[in-house]
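Taken together, the values in this text are just the output of simple stated rules run on the coordinates, not laboratory data. None of these values were measured; they are calculated from a predicted model. Don't worry about glycine lacking a Cβ; one is built from the backbone with ideal geometry, like all the others, and counts go over all protein chains shown.
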Amino acid sequence: MKTLTVFLLTLSVLLASSLVSSQNTRFSDPETVVQNEFWGKLHARGGTSFFCETPFTSKGFLLTEGYIYPLAQVRSALDCGTTSQCANHDRYRQIASDLHNMVPVRNRIEMRRRNARYEELGSTGKPDECDIRESAQFFEPPHRVKGDVARTVAYMVDTYDLPWAGASGVFKSWNRMDPPDDRELTRHRQVAEIQGNENSFVLEPGRLENL
């Protein structure tokens, strides 16, 4: 009996350690992370905007930090109130500081999608110049980043126990149709080096099927 108790205690410690190491535990100050880590390190030499693939050499006034899993939905899930009220919520600050969920986005696109849910819209809505489709409160990203979106949303759902930001079947479909490419893997490696944890769905996309 004593041996079993020791085993169960050891297992619980290992599981707790695994949980901690799987999420962002390094950063909890969103404003500092955005300035120093996101723009200061990840995109210090520029890059391309996430949805439109527009090259840039510096942030400029047309770009902003976008959140693939919208922060509005994080606030709703945590029930912590408004943006200013949630700024004092420790759990929200940790989630909002997660670099795996941040991408450079055109300001006007982020304004349109920050409260939207993801959906496969098909022929509903004409695609814009970036191949984005929108309808009411729904947003369909370009085909080339659908898998990236799916794996990031899955990471946020799994890591922080958040609800899906759309139908789970849509994300699973996007994950299958758009597997990780060199660009996504490079970005993932850079974020993991800075933040200290990985998105396991990028490294093992098949895991998403069982989430």
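Using a cut-off of 12 Å between alpha-carbon atoms, which aspartates and glutamates can reach Lys59, once sequence neighbours fewer than 8 places away in the same chain are excluded?
Candidates past the 8-residue exclusion: nothing left.
Indicate the helices, whole DSSP H runs only, in the chain that combine a mean Kyte-Doolittle hydropathy of -1.0 or more with a Cα extent along their long axis of 24 angstrom or more.
Span-like helices, by this rule, are 2-21.
Could you tell me whether the stretch 154-211 comes out rounded, prolate or oblate from its Cα gyration tensor? Rule is a ≥ b ≥ c as square roots of the eigenvalues, rounded for a/c under 1.5, then prolate if a/b exceeds b/c, otherwise oblate.
Note, shape of the stretch 154-211 comes out oblate.
Given the peptides 185-192, 99-106, 196-203, arrange them by the average over their residues of other C-beta atoms within 10 Å, most packed first.
Ranking, from highest mean packing down: 99-106, 196-203, 185-192.
Just checking my list (1) 45, 36, 32; (2) 51, 43, 27; (3) 66, 37, 36 against Cα extents along the principal axes in Å computed from this structure; which label fits?
Identified label for the calculated read-out: (3).
Which whole-angstrom value gives the distance between the alpha carbon centres of the stretch 144-165 and the stretch 17-68?
Computed from Cα coordinates, the inter-centre distance equals 16 Å.
Could you tell me what percent of the DSSP beta bridges with both partners in the chain are antiparallel, to the nearest 5?
Of all bridge pairs located within the chain, approximately 75 percent are antiparallel.
Using just the helices of the chain, give the 222 nm mean residue ellipticity in deg cm²/dmol: DSSP H runs with n ≥ 4 each add -39,500 (n - 2.57), and the total is spread over all residues, rounded to 500.
-12500 deg cm²/dmol
Using Cα pairs closer than 8 Å and at least 6 residues apart in sequence, work out the relative contact order for the stretch 24-202, in percent.
23 percent
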